[in-house]
Amino acid sequence: MTENEARRRMADLTKELEYHEHRYYDLDDPVIDDAAYDALMRELEALEHDWPQFAAPDSPTQRVGGRALDYFEKAAHRRQMLSLANCFDDTELSEFDARVKRFLELPENAEIEYVAEPKMDGLALDLEYENGLLLRALTRGDGLVGEVVTENVRTIRDVPLKLKALPSGDLFGRNAPQFLNIRGEVYMDIKGFEELNRSQAERKRQTFANPRNAAAGSVRQLDPKIAAERPLKFFPHTPGEWPGDDAPRTQMEMLEKLGQLGFRINPEIRLCIGLQAVVERYRELMKMRSELPFEIDGMVVKVNDFALQNRLGQIAKSPRWAVAYKFPAEERTTRINAITVQVGRTGTLTPVAELEPVRVGGVEVRRATLHNQDELSRKDVRVGDWVLVRRAGDVIPEVVRVLPERREHDNPPFRLPAACPVCGAATVREEGKAGIRCPNSDCPAQVQESIVHFVSKGAMNIDGMGPRIVEKLLESGALRSVADIYRLDAATLSNLEGLGEKSAARLLESIAASRRPTLSRFICALGIPGVGATMADVLTENFSDIHSLMQSGRERLEDIYGVGPEVATSILDFFGEERNRARIYDLLKLGVEPQSAPVRELRETPFSGRTFVVTGTLAAFGRLEAEERIRAAGGKAASSVSTRTHALIAGENAGSKLDKAQKLGVPIWNEEEFLRKLEEAEG
């Protein structure tokens, strides 16, 4: 290969890999499988090894991780990284607002523009770009000097290696700033954290206590290849330096420009006019905290106007123009009175700490999961210990760690039993797995949990048949398996303690309505290990009915994008058991008819692969139906306008989304144009 051929091939590979990364990460719509992508990446790596003079600093190979370091160099920040002062209640927030007004010599009734941002629980980073390319990344350190972690940060996909050109007509014309210094937070979302800990446990490596520790530890790995394997993400939040007359004038303008340059912006940031709006936003974030995909520990309140920020200045290491309004602590100290064992629907034994009641996040907590024997042993949790308990969302709280300094007993370490505590079967531990299982599928605990799962909202969605009703039906003998649900009658249900005639009638109606589930819900309801709602959707896209799925082989399953060897084995094992097949045939004989999704001819439409936002009031149908029609036509429906929005569909009283679309130059469709495009797509 000549120099010119190598250079051309490297450029072609770079473009191809960037296209596939965009399809995978931005559109969630890959067009090649992992093996094909890896082959392209390996070819580019080999060419860059042989022709290093042509390797681009923003090459896709930079995401993989370079050579391991012996230590981290240290470097000074171009401008000190400040830390925020905290406030803990509305009174202290009001005092912050009053101080800002006094310093700016504004009247007490003035309403200042503030920006309210979720306070990410991560690690602060300082990024420097020169001529649009990522030059250097530093940790915060002491605020004056930080560690150089550039090689690790290059592996974070939310951090652009090369800034995008700003839209034509912007203050910067079509070019990114020659120099840009941006601060932000690297973090790990909850899903990524849980997957990382599962992977660590399977490899018998140390797990992380929380997402923040996981993110910080990942950024500070001496081997960038390890950092590249970790699900790190990044949100920018503050300018360090943005030189030139064309620099943004406000925090919100800065975030908008950073989005255009290629950064991902936190979607929960809001502009608030006046103190009361800030307080209301804080209350909203408090309520939705457990539903967010990432952990936050408060809300950062910033004066929006940069000119006012400069006038306010700083005190010691904290700015006068910002404060962190912290949430009440989500961790509490309590004592373990006992350790019990639960048996799940797949037979896994889970140790559970029975606690002295304690309020965590506004909820009284009496029990906390100890996960498995490995975790229990690693944390050395014993009956009588004082522990730190954390609650995240509506899941069972967990024991974060033991407080050994408060141990005043001589109780032995707890071991999971050799026999199932429910049915007495000898427990087993499969090689390479953390869980200890009861292998008896007739175990009453497994039967009960499998039925509870079958009737749940994400599965067959039988309203009114909660865990308490399932337990009573099992105790009465009216229920022995999921198929028996469709044998229940009014007389049986009416005689059930705590269930009157009306409730029984409603439950029978709900059971009848569940007889025609979507194929995806039916597959999910079966409780195949490793097959949840998302995987059930994947299978539904590849199999027209339950029979074809049951008869599929390993090769057919592993050919499906997203189905790996482990899930394929789980599916084959499940359908390989005669009792499972018999139960499915029983359900079908009882009138359960899984409905396959209608097969649509794949063709290009005005919506194919594009993202749309619906706002305002439409005359033809509601917003949710409009979004469903968009998805049915091959498009995607988003809730907020961004530079990636193909068009805003604006009804009457469109509001702020219309303003933002106009500002970003996003095309705007009125209802008439939207209906015409739908007709074209559906015709």
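The values are calculated or read from the model by the stated rules, or taken from the named source; none is laboratory data. On a predicted model such as this, the values are computed, not experimentally measured, just so you know. Using ideal geometry, Cβ is built from the backbone for each residue, glycine included, and neighbour counts are taken over all protein chains shown.
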Next item on the list: Residue by residue through region 12-39, note down the ones that are hydrophobic (A, V, I, L, M, F, W, C), in a helix (DSSP H, G or I), at pLDDT below 85 and over 21 Å from E151 (Cα atoms).
Entry: A35, A36, A39
Checklist line | Residue list for region 201-221, filter: assigned to a helix (DSSP H, G or I) and either farther than 26 Å from V148 by Cα or in the same structural domain as R390 (by TED's automatic domain parsing) (or both) | finding: A201, E202
Next item on the list: Scan region 85-96 residue by residue and report those that are out of contact with any Lys or Arg (no Cβ under 8 Å at 6 or more places or on another chain) and either surrounded by fewer than 14 Cβ atoms within 10 Å (Cβ to Cβ) or part of a loop (DSSP other than H, G, I, E, B) (or both).
Entry: A85, D89, T91, E95
Next item on the list: Can you work out which of the residues in region 97-106 that are modelled with pLDDT of 90 or more and touching a Lys or Arg at 6+ places or on another chain (Cβ under 9 Å) is surrounded by the most Cβ atoms within 10 Å (Cβ to Cβ)?
Entry: V100
Next item on the list: Taking the options I296, I315, name whichever one is of a type in the set (V, I, T) and closer than 20 Å to A98 by Cα.
Entry: I315
Notebook entry, point to check: Could you say which residue among D537, D545 is within 31 Å of the chain's Cα centre (by Cα), surrounded by fewer than 20 Cβ atoms within 10 Å (Cβ to Cβ) and more than 18 Å from I584 (Cβ to Cβ)?
Noted result: D537
Check: Hey, does region 425-442 have a residue that's in contact with a Leu (Cβ under 9 Å, 6 or more places away or on another chain), modelled with pLDDT of 90 or more, closer than 25 Å to S290 by Cα and not assigned by TED's automatic domain parsing to the domain that holds G500?
Finding: no
Check: If you go through region 551-569 one residue at a time, how many are surrounded by fewer than 18 Cβ atoms within 10 Å (Cβ to Cβ) and under 31 Å from the mean Cα position of the chain (by Cα)?
Finding: 11
Next item on the list: Examine region 236-257 for a residue that is in a loop (DSSP other than H, G, I, E, B), within 16 Å of E185 (Cβ to Cβ), modelled with pLDDT of 90 or more and charged (D, E, K, R), and state whether such a residue exists.
Entry: no
Notebook entry, point to check: Among the residues of region 483-518, how many are in contact (Cβ under 8 Å) with a residue 60 or more places away in the chain, assigned to a helix (DSSP H, G or I) and of a type in the set (S, T, Y)?
Noted result: 1
Next item on the list: For region 389-405, state whether one or more residues are among the basic types (K, R), surrounded by fewer than 19 Cβ atoms within 10 Å (Cβ to Cβ) and either closer than 19 Å to G532 by Cβ or in contact with a strand residue (DSSP E or B) (Cβ under 6 Å, 6 or more places away or on another chain) (or both).
Entry: yes
Next item on the list: Quick one: which helices (runs of 4 or more DSSP H) lie wholly within region 566-683 and hold at least 1 residues that are under 27 Å from P517 (Cα atoms) and touching an Asp or Glu at 6+ places or on another chain (Cβ under 8 Å)?
Entry: 623-632
Check: Since C438 meets every condition but one in (1) surrounded by fewer than 15 Cβ atoms within 10 Å (Cβ to Cβ); (2) in contact with a strand residue (DSSP E or B) (Cβ under 8 Å, 6 or more places away or on another chain), which condition does it not meet?
Finding: (1)
Margin query: Is it the case, given these coordinates, that E541 is in a helix (DSSP H, G or I) and not assigned by TED's automatic domain parsing to the domain that holds T346?
Written below: yes
Item checked: Boolean, R480 is touching an Asp or Glu at 6+ places or on another chain (Cβ under 6 Å) and part of a loop (DSSP other than H, G, I, E, B) -> no
Margin query: Take the conditions of a type in the set (D, E, K, R), at pLDDT below 85, touching a helix residue (DSSP H, G or I) at 6+ places or on another chain (Cβ under 7 Å) and not assigned by TED's automatic domain parsing to the domain that holds G530 and apply them to D374. Does it pass?
Written below: no
Check: Take the residues of region 214-229 that are crowded, with 20+ Cβ neighbours inside 10 Å and touching a residue at least 60 places away in the same chain (Cβ under 8 Å): which is nearest to R157 (Cα to Cα)?
Finding: A228
Check: Is it the case that R631 is surrounded by 14 or more Cβ atoms within 10 Å (Cβ to Cβ) and either of a type in the set (D, E) or over 22 Å from M460 (Cα atoms) (or both)?
Finding: no
Next item on the list: Could you check, for region 415-425, whether at least one of its residues is within 30 Å of E475 (Cα to Cα) and part of a strand (DSSP E or B)?
Entry: yes
Margin query: What are the pairs with Cβ atoms under 7 angstrom where one residue, in region 197-213, is over 19 Å from F294 (Cβ atoms) and the other, located anywhere, is of a type in the set (D, E, K, R)? Sequence gap at least six, or different chains.
Written below: A201/D374
Note to self: Give all pairs with beta carbons closer than 6 Å in which a residue from region 658-679 that is over 21 Å from G262 (Cβ atoms) meets a residue that is small (G, A, S) and surrounded by fewer than 17 Cβ atoms within 10 Å (Cβ to Cβ); count only pairs at least 6 apart in sequence or on separate chains.
What the structure shows: none
Checklist line | Leading residue by the ranking (modelled with the highest pLDDT) among those in region 328-341 that are surrounded by fewer than 17 Cβ atoms within 10 Å (Cβ to Cβ) and within 27 Å of the chain's Cα centre (by Cα) | finding: E331
Note to self: Which residue is modelled with the lowest pLDDT, if the candidates are limited to region 68-89 and must be under 30 Å from the mean Cα position of the chain (by Cα) and not hydrophobic (A, V, I, L, M, F, W, C)?
What the structure shows: S83
